[in-house]
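Down below is the structure, laid out as structure tokens.
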């Protein structure tokens with residue numbers, strides 16, 4: 001009986017000491033220090049391919065080094081360099097059997113300055129038909145390792161025009177994808193496309209905390225450090241998109257979690273802390289990063305985006321995108337039992353947030369990869385505006401969100417829990 005009573009007395013004391021320790025590392029003061037630097041005017045909005053983004057990356061590297069994280073593969077640098085190619089359209093012409101295709105109806109995703117294609121060139125012919133989910137189908141072909149000639153039904157004229165207007169940089173790959181708006185299905189065709197091609201350099205920032213007994217299993221904590229840069233002045237005369245919430249808040253969380261787990265020094269699985277580049281450009285940083293790791297070895301991914309404002313449920317709460325796709329949310333809730341914090345399923349399912357952030361690439365490969373956020377996507381007044389500044393954030397609540405991520409991930413970090421995998425076949 002005395003032993004039982006002693007255990008009962010020790011349990012709350014242990015929790016109290018644990019709470020005291022985490023408060024020393026993860027608190028509003030430290031969150032404010034990091035957030036102020038990342039969202040300062042000196043970073044010039046951290047747009048990809050700019051000096052401001054480079055400055056942000058250098059700051060994150062400095063933080064990782066001070067924490068004592070290892071560099072990937074002991075490379076001596078936390079920078080994970082990669083490059084994209086940017087194309088400027090020059091000309092395009094196509095002939096289907098005896099019909100000439102208007103140039104405006106030809107959209108090409110390629111890294112090659114010139115393409116000369118016919119029915120014998122090895123391109124796989126595909127179709128986007130009336131009633132199809134255009135965005136899902138188009139993304140599938142653009143991301144494929146094969147070269148495609150995609151014949152798009154004319155009911156998608158607006159989508160094709162929009163695609164042409166908003167083409168983004170892409171990875172340098174030998175394959176190309178052509179979208180042609182047409183009702184024809186040609187037997188013979190001739191297509192010629194010319195672009196001016198230039199190379200753009202980018203880098204993720206990656207720090208490693210090696211695991212102990214399960215070093216070959218990975219848990220990823222991520223956010224993106226880029227934002228929108230500098231634009232036209234708003235009514236206040238402010239032209240800098242500081243991106244305090246989007247996503248300096250997530251990057252701040254990654255740095256603070258790295259420091260916390262480093263000091264705790266009991267992670268059985270290897271922890272990877274990464275700040276992604278070019279999320280706003282199309283998720284290129286996370287796409288490149290995801291290809292550097294065997295997805296089977298990734299036990300879980302905690303992607304953190306926009307946690308600086310209160311959620312729709314108020315303070316001490318956040319939501320998990322794609323909640324229903326794995327049991328990871330239930331594991332996090334179990335680890336938070338008895339606390340004042342609560343995780344909820346994503347309430348903004350029509351926004352497709354699960355597919356719109358840096359978790360998406362690994363999730364498509366089956367990894368239980370989810371984004372944690374508090375952003376009210378139906379009513380976030382500073383989203384993608386110059387007014388997204390640190391003064392609009394609740395730093396005390398943001399620190400509580402970060403602590404909740406640290407505590408709720410404990411059993412996964414320790415290798416005691418392994419979330420179920422995403423059924424990649426169910427993803428569109």
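Which condition number in (1) touching a strand residue (DSSP E or B) at 6+ places or on another chain (Cβ under 7 Å); (2) within 22 Å of residue 390 (Cβ to Cβ) is the one that residue 252 fails?
Just one mismatch for residue 252, condition (1).
Of these, 118, 98, 105, 135, which one is touching a helix residue (DSSP H, G or I) at 6+ places or on another chain (Cβ under 9 Å), assigned by TED's automatic domain parsing to the domain that holds residue 176 and surrounded by fewer than 17 Cβ atoms within 10 Å (Cβ to Cβ)?
Step by step, each of 118, 98, 105, 135 is checked, and only 135 is touching a helix residue (DSSP H, G or I) at 6+ places or on another chain (Cβ under 9 Å), assigned by TED's automatic domain parsing to the domain that holds residue 176 and surrounded by fewer than 17 Cβ atoms within 10 Å (Cβ to Cβ).
So which of 31, 48 ends up being in the same structural domain as residue 406 (by TED's automatic domain parsing), surrounded by 14 or more Cβ atoms within 10 Å (Cβ to Cβ), at pLDDT 95 or above and touching a strand residue (DSSP E or B) at 6+ places or on another chain (Cβ under 7 Å)?
Matching residue, one of 31, 48: 48.
Name every residue in the range 54-102 that is in contact with a strand residue (DSSP E or B) (Cβ under 6 Å, 6 or more places away or on another chain) and more than 26 Å from residue 284 (Cβ to Cβ), in order of residue number.
The answer is 91, 93, 94, 95, 96, 101.
Among the residues of the range 76-106, which ones are under 26 Å from residue 154 (Cα atoms), at pLDDT 95 or above and assigned to a strand (DSSP E or B)?
90, 91, 92, 93, 94, 95, 96, 99, 100, 101, 106
Which residue is farthest from residue 367 (Cα to Cα), if the candidates are limited to the range 298-333 and must be free of Cβ contacts under 8 Å to residues at least 24 places away in the same chain and in a helix (DSSP H, G or I)?
330
Could you say whether any residue in the range 244-266 is in a loop (DSSP other than H, G, I, E, B) and surrounded by 20 or more Cβ atoms within 10 Å (Cβ to Cβ)?
no
Residues 357, 409: which one is surrounded by 23 or more Cβ atoms within 10 Å (Cβ to Cβ) and under 17 Å from the mean Cα position of the chain (by Cα)?
Result of the check over 357, 409: 357.
Scan the range 314-332 residue by residue and report those that are over 19 Å from the mean Cα position of the chain (by Cα) and under 24 Å from residue 247 (Cα atoms).
Answer for the range 314-332, where residues must be over 19 Å from the mean Cα position of the chain (by Cα) and under 24 Å from residue 247 (Cα atoms): 314, 315, 316, 317, 332.
Just to be sure before I move on: is residue 256 at pLDDT 95 or above and more than 21 Å from residue 66 (Cβ to Cβ) in the structure I sent?
No: the conditions fail for residue 256.
Conditions: (1) surrounded by fewer than 24 Cβ atoms within 10 Å (Cβ to Cβ); (2) farther than 20 Å from residue 322 by Cβ; (3) modelled with pLDDT of 95 or more. Residue 234 meets all but one. Number of the miss?
(3)
Given 344, 383, which one is surrounded by fewer than 17 Cβ atoms within 10 Å (Cβ to Cβ), touching a residue at least 12 places away in the same chain (Cβ under 8 Å) and under 20 Å from residue 276 (Cβ atoms)?
383
Taking residue 281 as meeting all but one of (1) surrounded by fewer than 22 Cβ atoms within 10 Å (Cβ to Cβ); (2) closer than 19 Å to residue 408 by Cβ; (3) at pLDDT below 95, write down the number of the exception.
(2)
Can you name the residue in the range 139-169 that is buried (at least 19 other Cβ atoms within 10 Å of the Cβ) and under 20 Å from residue 290 (Cβ atoms) and is also modelled with the lowest pLDDT among such residues?
It comes out as 169.
The values are calculated or read from the model by the stated rules, or taken from the named source; none is laboratory data. Values in this document were obtained by computation on a predicted structure and should not be read as measured data. Don't worry about glycine lacking a Cβ; one is built from the backbone with ideal geometry, like all the others, and counts go over all protein chains shown.
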